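Scroll down for the structure; my scribbles are underneath it.
The values are calculated or read from the model by the stated rules, or taken from the named source; none is laboratory data. Computed from a predicted structure; not experimentally measured. So basically every Cβ, Gly included, is an ideal-geometry build from the backbone, and we count neighbours across all protein chains shown.
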Amino acid sequence: MASSASLRPARILVVDDSAVMRALLRSVVSSDARLEVAGTAADGASALRAIDSLRPDLILLDVEMPIMDGLSTLRQIRTRNAARATPIPVIMCSGLTQRGAKVTIEALASGASDYVAKPAGQPSREAAVQALAQDLVPKILALTAHGAASHESARVRPSAFPPTPQHANASFTPPIPHQPAFGSPPAAILIGVSTGGPAALDLLLPALPATFPLPVLIVQHMPELFTKHLAERLDSRCPLRVREASDGEPIRPGNIYIARGDWHMEVTAHIAIPDHHSLPTLRLTRETPENHCRPAVDVLFRTAVAVYGSRLLGVILTGMGHDGLAGSRILREHGGTILAQDQPTSAVWGMPGAVSHAGLANRILPLNAIAPEILRLAVRGQREAHEHQDSGASGIGCVTQ
């Protein structure tokens with residue numbers, strides 16, 4: 001594959017009903033030599049007419065527009081993408097409002113690759129451009145050929161991944177060999193996900209039945225307003241109960257907890273629940289971001305290992321960056337198991353790619369195979385636990401004094 005330096009600029013179609021926002025997005029796209037504006041449109045209907053003639057590599061799509069709104073436009077693009085050899089990725093542009101967040105979550109679950117929040121409260125236009133560019137440009141590059149070229153380059157250079165944080169691991173160690181053997185039967189499932197996450201979770205979580213016996217803890221990189229709507233949407237689609245995590249909440253089997261945006265989600269020691277077994281609990285903190293993220297996957301994995309030990313199944317799904325790499329290494333070192341989403345089914349193979357290149361994944365699977373594997377390992381764990389209880393009750397294998 002050609003290096004990112006030799007690729008032509010990625011062509012971006014900007015779609016927004018606000019002339020001010022179109023100009024702002026033009027400035028952001030033009031701020032990077034690897035990008036160029038293919039054209040602009042003021043509504044979804046105009047954007048659909050422009051796609052065939054402009055042939056963009058990526059579309060920036062406003063959520064709320066007249067004539068045809070962003071969600072309706074996205075569904076039309078998705079239908080057209082089904083006939084394309086290379087689908088056009090879409091990044092939604094949303095205001096930080098309740099309605100904007102809710103529609104954006106629906107768009108992400110319906111096929112949008114990612115989103116950016118429109119700048120608000122910036123002291124000047126230049127500051128707004130800088131803030132938006134810092135968030136948007138890396139996402140565009142990750143979703144276009146430049147991002148693919150970077151991943152291809154990193155594939156033959158595993159050491160290119162950044163060292164893990166000092167507080168999580170004293171130094172960056174060489175990738176361990178791929179070890180397919182599974183660790184201890186899991187008592188909890190940990191999921192880390194970022195870019196492309198809502199669509200991935202929308203497929204994976206509804207496949208877990210109402211009888212699923214383990215708690216599921218999820219870090220999805222997303223602002224606070226958005227994680228609430230994500231949890232509500234998934235709760236309406238899943239047999240299991242899904243909710244945004246609360247501080248001090250006991251971690252109950254058969255429940256799915258999504259980390260609150262802008263808060264780290266930690267696992268803390270067991271507490272006694274009336275008429276129930278002692279349960280681990282959730283702790284939400286505003287500690288320093290890790291890997292530029294809050295919530296961070298590494299925080300969840302690291303603190304869960306301190307409580308559950310080896311009895312963890314970690315799952316790293318689609319996402320930019322390498323959050324989850326340090327946490328996965330800690331989990332594997334303590335005897336846990338890691339599943340990683342494969343590259344063809346990932347919107348961006350950053351997070352799962354980092355874990356896979358490091359040799360930490362027990363299995364690398366397409367998205368539609370991950371839920372069946374989670375179920376297989378959970379059932380195996382329950383079966384082994386029952387066998388252990390039965391053997392203890394009958395005295396088999398017991399040491400007598």
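From D342, D323, which residue is surrounded by fewer than 24 Cβ atoms within 10 Å (Cβ to Cβ), of a type in the set (D, E, K, R) and under 16 Å from the mean Cα position of the chain (by Cα)?
Going through D342, D323 in turn, just one is surrounded by fewer than 24 Cβ atoms within 10 Å (Cβ to Cβ), of a type in the set (D, E, K, R) and under 16 Å from the mean Cα position of the chain (by Cα): D342.
Please go through segment 284-316 and give me each residue that is assigned to a loop (DSSP other than H, G, I, E, B), among the basic types (K, R) and within 22 Å of I374 (Cα to Cα), ordered by number.
Answer for segment 284-316, where residues must be assigned to a loop (DSSP other than H, G, I, E, B), among the basic types (K, R) and within 22 Å of I374 (Cα to Cα): just R311.
Sort out for me the strands (runs of 3 or more DSSP E) sitting completely within segment 1-68 that have 1 or more residues that are out of contact with any strand residue (DSSP E or B) (no Cβ under 9 Å at 6 or more places or on another chain).
By residue number, no strands (runs of 3 or more DSSP E) qualify.
Quick one: would you say A347 is surrounded by 19 or more Cβ atoms within 10 Å (Cβ to Cβ) and in the same structural domain as L214 (by TED's automatic domain parsing)?
yes
When you go through S46, S94, S72, S30 one by one, which is the residue that is within 15 Å of D114 (Cα to Cα) and hydroxyl-bearing (S, T, Y)?
Going through S46, S94, S72, S30 in turn, the sole match is S94.
Within segment 218-239, is there a residue that is in a loop (DSSP other than H, G, I, E, B), in contact (Cβ under 8 Å) with a residue 60 or more places away in the chain, under 15 Å from the mean Cα position of the chain (by Cα) and surrounded by 20 or more Cβ atoms within 10 Å (Cβ to Cβ)?
So far as segment 218-239 goes, yes, one or more of its residues are in a loop (DSSP other than H, G, I, E, B), in contact (Cβ under 8 Å) with a residue 60 or more places away in the chain, under 15 Å from the mean Cα position of the chain (by Cα) and surrounded by 20 or more Cβ atoms within 10 Å (Cβ to Cβ).
Looking at P295, P289, P280, can you tell me which residue is free of Cβ contacts under 8 Å to residues at least 12 places away in the same chain, closer than 29 Å to K228 by Cβ and assigned by TED's automatic domain parsing to the domain that holds A199?
The conditions single out P289.
In segment 15-57, which residue that is within 18 Å of A131 (Cα to Cα) and β-branched (V, I, T) is farthest from the chain's Cα centre (by Cα)?
V20
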